[in-house]
């Protein structure tokens, strides 16, 4: 039987109907980057989990073990960044293929440990199993935020400015370069390869935005700008217009290709956020060296549109990653 | 390359050396049933995660979707029970095989929801992906306990009594019956089938033991009494003697087989705990109908021994589930 859910969104809405967050302490349940529950009068616990599956999210042929570990933890750290929270603890579930030896396992955990140490995260548990083939990883991260400070996807209002951090499309370009097995021939290409293998979650920026109460909505760009912006807009009940000429695209030597990467390339783990116009002047142009840039604005209605380099406006279709799309 | 870790214990010790729990708020890290961290002056957060993998932990041919969901959540709830804590929140990661349709997914989540509701657990998040074949599930449960109340495996002392709840071997017998495709011909056989498909985590008993400070060490029997008792003894630095005639074995019609099931059968999710002799009188014979029974005593040294029905003592070798054993 073929699966009948047509998109991840449809599946998530079914799950939400099945298990409504009725517990009074649950502030955000299924459907955002992470869940938020009150655990003390002035404190909220943020919980998230992300799978990394061989053949879907990584390949043992292309990705070194250390990169597999790094990327698996980075996905979950980025979800914590996407709530404006501070990551604290991680648990790692690893189903190890029989063909993965001790050397691979050690590389994998060293990749996890190096990233965890840099973010002050304690790896406190997990689960292990052996499987015939195809490694499977699930990384859980618990974070914390002051009461009411965690930011959801649902707060964007018409007139808010749409901002992104960093450059978009680096990881997708890096994957292309990795598959081509060619040595990177420019600084940008080398940066793309590194961004794909060792992405940097933006936890510092997320906390800055939530603690200063600058953003009205916040999420990370894990599945591509077009897909993630459509999710932010759906959660907030708004539309959006973005300007191609404002996108932080790459110098790949092929501008249309760079635009496609910026719009639809996944796994950049940059932050996408909306800012009420009156607060935008308080945003720095860079946060610890990371460029921040306005790329569009939130509008009434539900339409997502793209103003091209030529000035023509077209519909922006979600073209990023959705496991449920055929 | 073949894996070089010889047992789960060896692998866990390597992980512990790699990532020691240096954070002052981490009271229990890698190696127990669940991790324990302080989150408020009088409160501890308990975190655990357990994988359920098609072909390893379940078979879509033998287990209905509802049972797969129930069992996946029950594994993690049982880890919370094993700490004497109260479960509160769950996250569910599901990698869905292309051959699993919407009907299967709905059955799976209904199994999760029914058990979650009965234990007052809110399902607040998770992750989803699609894979070519072989469903993969990881269930995270967060629980809570008063400060210092969570019980570890490490507190058993020579002279403590060894106790178990319920009957042992039910789930393993149920799996045998399920594989045989024969209709159960006795009340016990029907109970075994049900215990395998819909095991009951013992969260109430776990909290009773921790809140009354009755147990010196506590864990759940997920991989078989012989294996789990050896882990409790290793964590506590002690040995143990158990008496075959005291084991709560089943009426399978084949006593030696029932003894093997009781010693080595996994997935019973009953509790194994040690009680200082002076506190044993405060233990009821039943807890809400669930029989509690002394089966042995903790001894000095590291030896695990079994006093047989014939009165002869032999070494008790761990014969339960260990993914790393060949």
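Please treat every number below as a calculation from the coordinates, not as lab data. Only a predicted model underlies this, so the values are computations on that prediction, with no experimental measurement involved. Heads up, the Cβs are rebuilt from the backbone with ideal geometry, glycines too, and the neighbour counts pull from every protein chain shown.
Extension gain, residue A:38 to residue A:17: 0.36 nm times the residue separation minus the Cα-Cα distance gives 5.4 nm. Treating each Cα of the range A:263-325 as one equal point scatterer and applying the Debye formula with no solvent, the log10 of I(q)/I(0) at q = 0.20, 0.23 Å⁻¹ comes out as -1.12, -1.25. For chain A, the share of alpha carbon pairs falling in successive 10 Å distance bins from zero is 6, 26, 35, 25, 8, 1 percent. Across the identical copies, the label point of residue A:120 (7 Å from Cα in the Cβ direction) is separated from its matches by 3.3 nm, in order from shortest. If you bin all the Cα-Cα distances of the range A:151-264 at 10 Å, starting from zero, the percentages per bin are 13, 41, 31, 13, 2. Legend: mean number of C-beta atoms from other chains within 10 angstrom of residue C-beta atoms, peptide B:93-100, equals 4.
Which of A:14, A:243, A:163 moves most in a GNM of chain A, Cα contacts under 10 Å? Judging by the Gaussian network model, the answer is A:14. The base-10 log of I(q)/I(0) for the range A:151-218, evaluated at q = 0.15, 0.26 Å⁻¹, reads -0.63, -1.06 [Debye formula, identical scatterers on Cα atoms, solvent excluded]. Gyration tensor analysis over the Cα atoms of the range A:203-306 returns equivalent ellipsoid semi-axes of 21, 18, 13 Å (largest first, whole Å).
Can you give the mean number of other chain Cβ atoms that lie within 10 Å of the Cβ atoms in peptide A:28-37?
Details: counts 2, 5, 7, 2, 2, 1, 3, 9, 2, 5.
Mean partner-chain Cβ count within 10 Å for A:28-37: 4.
Each Cα pair under 8 Å and six or more residues apart adds its separation to the average, and for the range A:161-315 the resulting relative contact order is 40 percent. Rounded to the nearest 5, the antiparallel percentage of DSSP beta bridges internal to chain A is 75%. Set the Cα radius of gyration of the range B:74-183 against 2.2 N^0.38 Å, with N its number of residues, and you get 1.36.
Inter-copy label distances at residue B:290, using a point 7 Å along Cα-to-Cβ, come to 4.5 nm with the shortest given first.
If you take each beta carbon of peptide B:128-140 and count the beta carbons of other chains within 10 angstrom, what is the mean?
Values: counts 8, 10, 10, 8, 3, 1, 6, 0, 9, 1, 12, 4, 10.
Per-residue shielding by partner chains comes out at 6.
Can you divide the C-alpha Rg of the range B:8-146 by 2.2 N^0.38 Å and report the result to two decimal places? Don't skip to the end; give the middle numbers.
Numbers: Rg = 16.1 Å, N = 139, 2.2 N^0.38 = 14.3 Å.
Taking N as the residue count of the range B:8-146, the ratio is 1.12.
Take chain B, connect every pair of alpha-carbon atoms lying under 10 Å apart with a spring to form a Gaussian network, then pick out the residue of B:143, B:174, B:101 with the largest mean-square fluctuation. Of B:143, B:174, B:101, the Gaussian network model singles out B:101 as fluctuating most. Taking every C-alpha pair closer than 8 Å and separated by at least 6 residues, the mean separation divided by the residue count of chain A gives a relative contact order of 21 percent.
When residue B:14 is represented by a point 7 angstrom out along its Cα-to-C-beta vector, the spacings to that point in the other copies are 4.0 nm, nearest first.
Our summary of shape: the Cα atoms of the protein assembly as shown have principal axis extents of 91, 47, 42 Å, ordered from largest down, in whole angstrom. Separation of the range A:210-273 from the range A:290-307 is 8 Å, based on Cα centroids.
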